[in-house]
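The values are calculated or read from the model by the stated rules, or taken from the named source; none is laboratory data. As the structure is a prediction and not an experimental result, all values here were calculated from the model. For neighbour counting, all protein chains shown are included, and Cβ atoms are generated from backbone atoms with ideal geometry for every residue, glycine included. Calculation scope for accessible area: heavy atoms of the full protein, side chains included, ligands and nucleic acids excluded. Shrake-Rupley method; radii C 1.70, N 1.55, O 1.52, S 1.80 Å.
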Amino acid sequence: MDRIVIEGGAPLRGEVAVSGAKNAALPALAAALLAEGEHSVRNVPDLADVRTMGRLLGHMGCAFERTGGHAVALRVPAAPRPEAPYELVRTMRASVVVLGPLVARLGRAQVSLPGGCAIGARPIDQHLKGLAALGAEIELRHGYVEARAPGGRLRGATFTFDGVTVTGTENVMMAAALAEGTSVLGNCAREPEVVDLAQALRSMGARIQGEGTDEIRIEGVERLRPLDHAVIPDRIEAGTLLVAGALPGNDVTVRGCAPEHLEALVEKLRQVGAEVRSVPGGLRVVGDGRPRPADVRTAPFPGFPTDMQAQMMVLLTVAQGSSVVTETVFENRYMHVLELRRLGADIAVDGRTALVKGVPELSGAPVMASDLRASAALVLAGLLARGTTEVQRVYHLDRGYERLEERLAPLGARIRRVKA
Ligand code: EPU
């Protein structure tokens, strides 16, 4: 297993470009199942999770090919095999977004239930309830969701999610695109990735309105054409790089990000004393001295993203005072705290709340990544800490960041990957 070794304390200066969004690329690729033919998706990051989606689509009989740059060509057959096996779903929960497209287009699907997860229980009851509202008959058997559309086609319906779910909204929206009649979905996720998926579906001929608000209206059509879509920039990768820029003594420009997707984070960075400015094509952040403390509460978009909680906490570990972090989206997303403590951070967790007492500095140590965003936080902590930090289990990081060490090194970071 690869490790990342960081000599902390080197100032970061310069520009870094952001990749396409993992969490927008995955549902867009799944959406391709809604139409037979040759699909084109651009700005698809080259990540472990995207490769898993490629394998999953391959298992169904689709041909997934990178055609240079970050473009993907995908050929979807007339009758894909409507099955997502456990071996693939267990390595990537987001595989569940194939369920809606499969049952909508083929009238049946068999998708493994995702297993446990490091950050919370993460049930998919809302995905299933939404699909059932569209007429799907759903059974759970041998660890699989078996869904059928009676008569081969789903029916439009009005459905309100009990809680805000990003992939749940995406799954049901994709299914409704091919259902007979109109669907009105309430309490939808408003995340930019949902908006991007609506745009991708529109390129296929879907009739969707209201994405980006909590009510999405979809007029089902009989047939869709292949996708022609470019994925939005990754706001979480951009946010991670912005936090790197906000660490004391750094000055980083993140190019190609969408500032309108980053407002909650930028506001927090300013609150802790970082200078964040719009520059042509991106954002520049200057971290000046030890940050001020700030309270952070995660929430669905446009709130502060749970996917940035761990990274923001790193900045707060060296603040001049105490901060309270509250995680409201996932029930167990503090796995990074134990590792940050090994670097000298003073953090106490009580349920969903973490009290972070700022210390003057962190000191490098070997640490272990537990999930994707926790690993990114450990890399940031390594940049900040005095001495050497070695991050193990880097495969978590590689699921969602394209060669992060190669993006940080040109900025001046002393960071390298040690191959297993
Ligand atoms: N939930 C339910 N029932 C459901 C669905 C969700 O109770 O049927 C709960 C979850 O357990 C959680 C909350 O609702 O407590 C929100 O979960 P959501 O469904 O929104 O999460 P997700 O769609 O599984 C996506 C991202 C995550 C990101 C969350 C929240 C993708 C592929 N994944 O997950 O990204 O943290 O939204 O914004 O889009 C990551 O990239 O590292 C990552 C974990």
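A few notes on this one:
- The requirement of being touching a Ser or Thr at 6+ places or on another chain (Cβ under 6 Å), under 24 Å from Ala30 (Cα atoms) and open to solvent by 20 Å² or more (accessible area, probe 1.4 Å) is not satisfied by Glu215.
- Of all residues in region 390-403, those satisfying the criterion of being away from the ligand (no atom under 12 Å from the Cβ), touching a residue at least 60 places away in the same chain (Cβ under 8 Å) and of a type outside the set (S, T, N, Q) are Glu390, Val391, Arg393, Val394, Tyr395, Asp398, Glu402.
- Of all the residues in region 66-83, those that are closer than 26 Å to Tyr401 by Cβ, assigned to a loop (DSSP other than H, G, I, E, B) and in contact (Cβ under 8 Å) with a residue 24 or more places away in the chain number 3.
- Members of region 285-303 found to be open to solvent by 10 Å² or more (accessible area, probe 1.4 Å) and in a strand (DSSP E or B), listed by number: Val286, Arg297
- Within region 84-149, helices (runs of 4 or more DSSP H) holding 1 or more residues that are away from the ligand (no atom under 15 Å from the Cβ) and acidic (Asp, Glu): 86-89
- Only one entry of Arg333, Arg386 meets the criterion of being at pLDDT 95 or above and basic (Lys, Arg), and that entry is Arg386.
- Checked against the criterion of being open to solvent by 50 Å² or more (accessible area, probe 1.4 Å) and in contact with a strand residue (DSSP E or B) (Cβ under 7 Å, 6 or more places away or on another chain), the candidates Leu57, Leu102, Leu113, Leu74 yield just one match: Leu113.
- Strands (runs of 3 or more DSSP E) completely within region 326-420 that count 3 or more residues being open to solvent by 30 Å² or more (accessible area, probe 1.4 Å): 346-350, 353-357, 388-392, 414-418
- Pairs meeting the criteria (first residue in region 358-385 and within 18 Å of Asn332 (Cβ to Cβ), second residue more than 16 Å from the ligand (Cβ to nearest atom) and open to solvent by 10 Å² or more (accessible area, probe 1.4 Å), beta carbons under 7 Å, at least 6 apart or on different chains) are Met368/Glu339; Met368/Gln392; Ala369/Gln392; Leu378/Glu339.
- Only listed residue being in contact with a strand residue (DSSP E or B) (Cβ under 8 Å, 6 or more places away or on another chain), on the phi > 0 side of the Ramachandran plot and of a type in the set (Gly, Ala, Ser), chosen from Gly344, Gly303, Gly351, Gly358: Gly344
- Odd one out for Arg190, checked against (1) within 14 Å of the ligand (Cβ to nearest atom); (2) crowded, with 24+ Cβ neighbours inside 10 Å: (2)
- Residue check for Ser278: under 23 Å from Val195 (Cβ atoms), polar (S, T, N, Q) and more than 16 Å from the ligand (Cβ to nearest atom): yes
- Residue check for Arg202: more than 16 Å from the ligand (Cβ to nearest atom), over 30 Å from Glu263 (Cα atoms) and basic (Lys, Arg): no
- Some residue of region 156-176 being more than 14 Å from the ligand (Cβ to nearest atom), closer than 26 Å to Arg81 by Cα and over 26 Å from the mean Cα position of the chain (by Cα): yes
- When Ala179, Ala136, Ala147, Ala157 are checked against the criterion of being touching a Leu at 6+ places or on another chain (Cβ under 9 Å), surrounded by fewer than 20 Cβ atoms within 10 Å (Cβ to Cβ) and at pLDDT 95 or above, a single residue qualifies: Ala157.
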